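Have a look at the structure below before the remarks.
Here, each number is a calculation from the coordinates, and none is a lab measurement. Since we're looking at a predicted model, the values are computed, not measured. Glycine gets a Cβ as well: all are built from the backbone with ideal geometry, and neighbour counts include every protein chain shown.
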Amino acid sequence: MQRRLRLRDLAALGLAGILPVGAPIGVAPLVKYAGESAIWPAVLGYAAVMLSAVPILEYSRLARFAGGYYGLAELGLGPVAGKYTAVANYLYYVAWQTQNALQAGWVVYGITGSLPAWAAAVVGVLLISYVGAFSPPRRYVGGVLAPALAFTTSITLALDIYVVAVSPYRSWTPLAPMDWGGVATATAVQGFWMYVGYGTPLFYSEEAENPARDVWRGVIIALSASAALYALSAYAVVAAAPPDRIGALAESAMPYVDAWSSYLPAWLLAAYPLFIAPAALAYGGPAGSHARLLWAMARDGFIESKRLRALDRGGAPRNAALFNLAASSAAALATATAAFGRLGVSPASAEVAWLLAATAATILWYAHHILPEVALYPYLRRSPAKTGRLRAFLVGIAAPAVGTAIFGYTLYLTALGRAQYAHAIYAGVALSVAALLYTLWRRAAGKLGLSTIRYYLLEAQSR
C-alpha cells in the first residue's frame with residue numbers, strides 16, 4: 001500500500017464515515033424525543049463517542065494497521081478476541097452498506113413513487129461504494145470525496161444559518177434543557193449513533209504518511225466538525241418554530257420541513273434531499289475501510305484466499321471490495337424481499353427495510369466495538385513502551401469503563417425503542433454469535449493465522 005494520505009485526507013475520510021451533510025434530516029429523532037432541547041443529544045452523543053474512542057485513539061498512536069479495531073483487541077486480549085472482533089466488524093460493515101443503499105432507495109421511492117427508481121438508487125449506492133473502495137485513496141479523497149462533502153455541507157450550513165437568522169423565535173431556551181429524560185433517550189437512540197463511523201481513518205493508517213501523528217487528529221477533527229453541524233441543524237429546526245408548536249414538530253416525520261416551511265419555498269424543501277445526494281459519493285470512504293478490513297484478515301491468513309489478499313497496481317484491495325459488493329448486495333436483496341413480502345411494495349415498506357438493516361447494524365457495532373475498548377489497558381501494562389500509571393488508568397480503564405456503561409444503556413434503550421424491529425435485533429445478535437463460533441472453529445482447527453499487528457509493533461520497537 002502507498003503511504004500518501006495526509007491529515008486533511010484522513011479528516012475527510014472521517015467525515016465520510018459520519019456524514020453530517022444531511023443533518024436537518026438526521027436530527028429528526030432528536031427533535032422527536034428531546035423536543036426544544038434537541039441540540040443537547042447532538043452534543044452529548046459527541047461527548048460520549050469521543051470518550052469511548054479514547055482507547056482507539058491512543059492505539060492509533062502506537063501502530064499503523066489496516067485491520068482497524070481488531071489489532072487492538074488482539075494486542076490486549078489475545079488472538080481469539082482480535083479475530084472475533086474482525087469478523088463482527090466485517091459483518092457490521094455489510095449491514096452498514098446495506099442500510100445506506102436501502103435508505104437511499106426509501107428517499108427516492110418517497111419522492112418518485114417509482115419502484116424502478118428505488119431499485120436504481122439501491123444499486124447506485126452499492127456501486128458507488130464499490131468504486132470508491134478500490135480507487136486510489138489520495139486521488140479519491142482529493143478529487144471526489146472532499147469536493148462532494150464540501151458542496152453538500154455548504155448547502156446544509158447555508159440553510160441552517162439563514163433560517164436561524166430570519167426566525168423571530170430564536171432564543172437561549174434550547175440551551176437550558178428541562179426534560180433530561182427526553183435528552184437521555186434521544187442521545188441513546190440517535191445522538192450517539194450519528195458519530196459511530198468515526199473510525200474510518202483507522203483502516204487507512206497503513207496508507208498515511210504519518211499515521212501516529214495524523215490518524216487520531218483526523219478522527220477528532222471529523223467528530224468535532226460533525227458535532228458542530230449537527231448541533232446547529234438541531235437548533236435551526238427548533239428555533240424556527242414558536243414554542244407552542246414544538247410538540248407538533250416532534251410528531252412530524254420530517255421536522256425540518258414543517259419548521260422551515262415559513263422561511264423557505266416548498267420546492268427547495270422538497271429538493272433538499274436531492275441537493276445533498278452527491279454526498280453518497282462519500283460512502284466509498286467507509287466502503288474502503290470494509291475492503292481493507294477483509295484484506296487484512298486475508299493477509300493474516302485468518303481467511304484463506306490468495307485473491308482477497310492481493311492488491312491491484314494502485315495498491316488497493318480491489319478483489320476484497322468486489323467480494324464486499326456481492327455480500328452487501330445479497331444482504332440488501334434479502335432485507336428488501338423480507339420487508340416487501342411481509343408488508344407489500346410501498347415507500348413505507350422501503351422505510352421498514354432500511355430500518356431493519358440499520359437496527360442489525362446497531363447491534364453489530366456494539367458487538368465489535370466493546371472488546372477493543374477494554375483491551376488497551378492490559379496491553380499498556382505488558383508493553384515495553386513506558387506509559388505512566390495515571391495515563392494508562394485514564395485511557396485504558398476510566399474512559400472505556402464509562403464508554404462501556406454508555407454502550408450497555410444505549411443498547412437497552414435501542415432495543416426498547418425499536419421493539420417493532422425485533423427480528424432485526426435477533427438477527428444482529430445471531431450474527432454476532434456466528435462470528436464467535438467461526439472464530440472458535442478456526443482456533444480449534446489451528447487456523448487463526450498470523451499476527452501482523454504484533455509484527456509491526458516489534459518492527460517499530462527494534463528501530
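Against the compact-protein benchmark of 2.2 N^0.38 Å, the Cα-based radius of gyration of segment 102-221 scales to 1.43.
Okay, helix-only estimate at 222 nm for the chain: each DSSP H run of n ≥ 4 adds -39500 (n - 2.57), divide by all residues, round to 500 deg cm²/dmol; what do you get?
Details: 22 runs with 325 residues, N = 463.
For the chain, the value works out to -23000 deg cm²/dmol.
Of the peptides 6-12, 85-91, 264-270, the ranking by mean beta-carbon count within 10 Å, highest at the top, reads 85-91, 6-12, 264-270.
For the peptides 324-330, 253-259, the ranking by packing is 253-259, 324-330, with the highest mean count of neighbouring Cβ atoms within 10 Å listed first.
With a Förster radius of 35 Å applied to the C-beta separation of residue 170 and residue 409, the computed FRET efficiency comes to 0.60. Out of [x] 1.00; [y] 0.95; [z] 1.67, which label holds the value of Cα Rg over 2.2 N^0.38 Å that was computed here? Matching the structure shown: [y]. Approximating the spin labels as points 7 Å out from Cα along Cα→Cβ, the residue 458-to-residue 330 distance works out to 3.6 nm. Spin-label pair residue 8-residue 245: with each label point 7 Å from Cα along the Cα-Cβ axis, the two points sit 4.1 nm from one another.
Projected label points at residue 220 and residue 345, each 7 Å from Cα along the beta carbon direction, are separated by 5.2 nanometres. With respect to the chain, whose longest principal axis is taken over its alpha-carbon atoms, helix 452-461 is tilted by about 70°.
Quick one: which of 366-374, 26-34, 208-216, 113-121 comes out on top by average Cβ neighbours within 10 Å, and what's the full order, highest first? All intermediate terms of the calculation are to be shown ahead of the outcome.
Numbers: 366-374: 22.4, 26-34: 26.1, 208-216: 19.8, 113-121: 15.7.
Order by mean packing, descending: 26-34, 366-374, 208-216, 113-121.
Calculate the FRET efficiency for residue 445 and residue 180 from the Cβ-Cβ distance with a Förster distance of 45 Å, rounded to the nearest 0.05. Walk me through the numbers on the way to the answer.
On the way: r = 51 Å, r/R0 = 1.14.
Working from the Cβ atoms, E equals 0.30.
The aspartates and glutamates whose alpha-carbon is closer than 13 Å to the alpha-carbon of residue 447, local same-chain residues fewer than 8 away aside, are 300, 304.
Counting pairs of alpha carbon atoms under 8 Å apart in space and at least six apart in sequence, what relative contact order in percent does segment 276-415 give? Show your work: numbers first, answer last.
Numbers: 78 pairs, mean separation 18.0, N = 140.
The normalised contact order for segment 276-415 reaches 13 percent.
Multiplying the sequence separation of residue 271 and residue 397 by 0.36 nm and subtracting their Cα-Cα distance, what value in nm do you get? Intermediate values should be presented prior to the final figure.
Values: separation 126, 0.36 × 126 = 45.36 nm, distance 4.73 nm.
Gain on stretching residue 271 to residue 397: 40.6 nm.
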